[in-house]
Amino acid sequence: MPRAPTVLVAGAGVVGLATAALLATGRCADRLRVQVLDARPLPRWRAAELDPRVYALSRASQQLLDEVGVWQRVAQLRAAPYRRMRVFQGSDAYAPSALDFDSADIGEPDLGHIVEDALLRTVLADALGATPQAQLAIGAQIESIEVRASEVAVALKDGGSMHASVLLAADGTDSTVRRLLELPTAGHLYRQTALVTHVKSSKSHEETAWQRFLPGGPLALLPLADGGSSVVWSLPTADAERLLAASEGEFLAELAAATAGVIGDLTACSKCVGFPLQALHALRYTAPRVALLGDAAHTVHPLAGQGMNLGLLDAASIAAVLEDALLAGEDIGDLKVLRRYERERKGDNLAMMAVFDGINRLFGLPGWASPLRAFGLGAVEATHPVKRILMQKALGIAAGRKHQVRWSRADRQA
Ligand SMILES: Cc1cc2nc3c(=O)[nH]c(=O)nc-3n(C[C@H](O)[C@H](O)[C@H](O)COP(=O)(O)OP(=O)(O)OC[C@H]3O[C@@H](n4cnc5c(N)ncnc54)[C@H](O)[C@@H]3O)c2cc1C
């Protein structure tokens, strides 16, 4: 019997683990071997600790996690729904120009869920551990990559090697795979750093994701299951560095002023972490026997909380493309197969990136642009069909529907 083709996933972040889980539990699970490698140890989620890194997951991302059988566990352990989103500039969150998205307006129970990175990676790694055709290699650092006619060979720093029919690079913004294969990128540094922390407050978050556009960058407050809020505050790097070095009291005072009081007084915060921000896009997502996914292919501004959601759509797309190819008897590492994934995802990712970039620039303009911004927000708020489309886009419904067909287990078995 010929050996089953192997898919090697570089990077055990959420995107890499989700891709591996889709393949290891999908239509072709019995015809594939899936290996995931990561240089660093995986975090292990514990209920007593709140991971500072959280994601606002869209409905499409939730469906993907459901498809691989982990969403119920995520929901049971800790996921906070957000039912409204309020976007504003200036100091009044309820000004006529503020945007209000309410899940009830589109007949949905919520707009998404806030979930910790460590929790997602724990449940996905457990799901992979329970499938005999999947293997995780932790502490494996890639040294070099050799693409051959019928396989790709990866040499590791510890002297070992791995061989596969296709290598999927989900190894993040500074992708080693992308660098070693000299796949070109475009992009720029934002000269902004996102400060991430959790806060406790005197007022309820009202299951609302708050987004205030400040001159230095956007501030997001995301509702957490324990009543606290996750803060993602993008601001000029010099200001961020000053705040990272400030005392908790000084930091909370500046943050409280920036929130415009929407969740009341801030009473405590967890350790604050800074993420330097950049926009990056790989000019090509594919090469013979290699495809880039998630942040390795595109890194976007966190202002709309969509980077992970886009990466999970990549995961759904590449898994479906590889499965279709396998069922059709094609070589899954063939460039013409991988290009189908690139065609499906690159345009969407580029369009989203341009939108987030444009919004960040518009809100970074000086005071003279404020009436223009207020007009723009007010016009969207007053135009219900536009608001509806934006909400569906944020939920991932429009994009998700295309993939739902592929994700549905009933469809797969039909
Ligand atoms: C402040 C902030 C807030 C955000 N909030 C949201 C949000 O609310 N919603 C949302 O959708 N997105 C959000 N994002 C974006 C999101 O964090 C990223 O899009 C997402 O983490 C990308 O996942 P990934 O799996 O592609 O990469 P990563 O999470 O970067 O994982 C890459 C993995 O590859 C491994 N790796 C790296 N190099 C190597 C190597 N040489 N060999 C082996 N392994 C390697 C790493 O150890 C890591 O495990 C936010 C981003 C930031 C900065």
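The values are calculated or read from the model by the stated rules, or taken from the named source; none is laboratory data. Predicted model, so just to flag it, every value in this text is computed and none were measured. Don't worry about glycine lacking a Cβ; one is built from the backbone with ideal geometry, like all the others, and counts go over all protein chains shown.
General observations
- Filtered residues of the stretch 188-226 (kept if in contact with a Ser or Thr (Cβ under 7 Å, 6 or more places away or on another chain) and either of a type in the set (Gly, Ala, Ser) or at positive phi (or both)): ARG191, ALA194, SER201, SER202, GLY217
- Residue list for the stretch 152-180, filter: part of a loop (DSSP other than H, G, I, E, B), more than 9 Å from the ligand (Cβ to nearest atom) and crowded, with 19+ Cβ neighbours inside 10 Å: SER165
- The residues of the stretch 1-18 that are within 9 Å of the ligand (Cβ to nearest atom) and of a type in the set (Val, Ile, Thr), listed by number, are VAL14, VAL15.
- Restricting the stretch 20-48 to residues that are buried (at least 24 other Cβ atoms within 10 Å of the Cβ) and under 18 Å from LEU327 (Cβ atoms) leaves a set whose member that is nearest to the ligand (Cβ to nearest atom) is LEU22.
- Of all the residues in the stretch 264-322, those that are at pLDDT 90 or above and of a type in the set (Ser, Thr, Tyr) number 4.
- Exactly one residue out of GLU108, GLU116 is within 12 Å of the ligand (Cβ to nearest atom) and of a type in the set (Asp, Glu): that is GLU116.
- Selection count where residues are more than 9 Å from the ligand (Cβ to nearest atom) and modelled with pLDDT of 95 or more, scope the stretch 49-61: 0
- Filtering LEU99, LEU156 for residues that are modelled with pLDDT under 95, hydrophobic (A, V, I, L, M, F, W, C) and out of contact with any His (no Cβ under 6 Å at 6 or more places or on another chain) leaves a single hit, LEU99.
- Of all residues in the stretch 227-261, those being among the acidic types (Asp, Glu) and within 16 Å of the ligand (Cβ to nearest atom) number 2.
- Subset tally (residues that are in contact with a strand residue (DSSP E or B) (Cβ under 6 Å, 6 or more places away or on another chain) and more than 15 Å from the ligand (Cβ to nearest atom)) for the stretch 62-87: 2
- Members of the stretch 181-191 that are within 13 Å of the ligand (Cβ to nearest atom) and in contact with a His (Cβ under 8 Å, 6 or more places away or on another chain): TYR190
- Residues considered: SER202, SER270. Of these, the only one that is over 18 Å from VAL115 (Cα atoms) and in contact (Cβ under 8 Å) with a residue 40 or more places away in the chain is SER202.
- Flag if SER175 is of a type in the set (Gly, Ala, Ser) and in contact with an Asp or Glu (Cβ under 9 Å, 6 or more places away or on another chain): yes
- All positions within the stretch 104-151 that are of a type in the set (D, E, K, R) and not in a loop (DSSP other than H, G, I, E, B): ASP105, GLU116, ASP117, ARG121, ASP126, GLU143, GLU146
- Within the stretch 276-320, if we keep just the residues that are near the ligand (Cβ under 9 Å from one of its atoms) and assigned to a strand (DSSP E or B), the residue that is surrounded by the fewest Cβ atoms within 10 Å (Cβ to Cβ) turns out to be PRO276.
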